[in-house]
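Read through the structure below, which is laid out as structure tokens, and then see the notes.
The values are calculated or read from the model by the stated rules, or taken from the named source; none is laboratory data. All figures in this text were calculated on a predicted structure; none of them were measured in a lab. Glycine also receives a Cβ, built like all others from the backbone with ideal geometry; neighbour counts cover every protein chain displayed.
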Amino acid sequence: MMMGATFTRHREIAWRGGQTRSTSRLIAEETAIALTYNGSTHAVMMGTPGDLEDFGIGFSLTEAIVEHESEIRSIELIPNELGVEVRMWLDGDRAAFLAARRRAISGPVGCGLCGIESLEQARRAPSRVAGSGIVFHARDLLSAMQALSPLQILNQQTRSVHAAAFWHPRTGFGPVREDVGRHNALDKLAGAIVREQKSARDGAVLLTSRVSVEMVQKAAMIGAPVIVAVSAPTALAIQTAEEAGITLLAVARDDGYGVFTHPRRVLLPDEAAPRAGC
């Protein structure tokens, strides 16, 4: 559900090729999004005001606020002059659980750990991903990453947002979600997968951003066995993917990518590739 325009047109004075001209450009919208549970604000994130029901559900799942979508009794989007409230009501057991760990977060774009109360929360043990035993061909994953760009509708218009997508080797692309924040895009994807009654356990999550630890943690929460990202991972992201049982591919460019963890799920053209750590 869209709450409003995800982009608007703005005037600019452009200097290109040594020449100046007056023109206009499509610019991605960014607004404050408050995630509230049972009447209390839990998080305020800056993000793109689109697919906010997906965002609310996905955030709730990837941050372990709920274990199942059914634990969210209702969700409502409330726009106001300052932003949008994603208002959710939890069932009794989950509401009590959340009350016990209540915290408020105020996070700018690109910040996925703002407001946590301890180092233990920042380094929480990731969920262990089992996967379905599916194996991916290296060239297919690369082709999927190359095919993602035309599906990034908002980024085609603004060139300023991240995407997170789900891809299955037999059925192709599932949901594709975009946001100015990479964490938000992944949360929106998580929510879309659940709402479309898909399983992430037999496909790959494709990211147009770098891979930091919280991106791996979120992917693990939805059971995704493979992450493919266009940029490099952090050392802690690699360690976390190893612990979670996730196959992490990164630096995915036109000529290939690097496999950093659990290579058993990827059939590489060169069978001499090392298989240690499977």
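Tabulated data for the structure shown
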quantity	calculated
Unique residue being modelled with pLDDT of 95 or more and either closer than 21 Å to K218 by Cα or touching a Pro at 6+ places or on another chain (Cβ under 6 Å) (or both) when the list is I72, I65	I72
Residue identified as surrounded by fewer than 21 Cβ atoms within 10 Å (Cβ to Cβ) and within 11 Å of the chain's Cα centre (by Cα) among S231, S209, S199	S209
Scope the range 158-170; condition at pLDDT 95 or above and over 14 Å from the mean Cα position of the chain (by Cα); matching residues	T158, H168
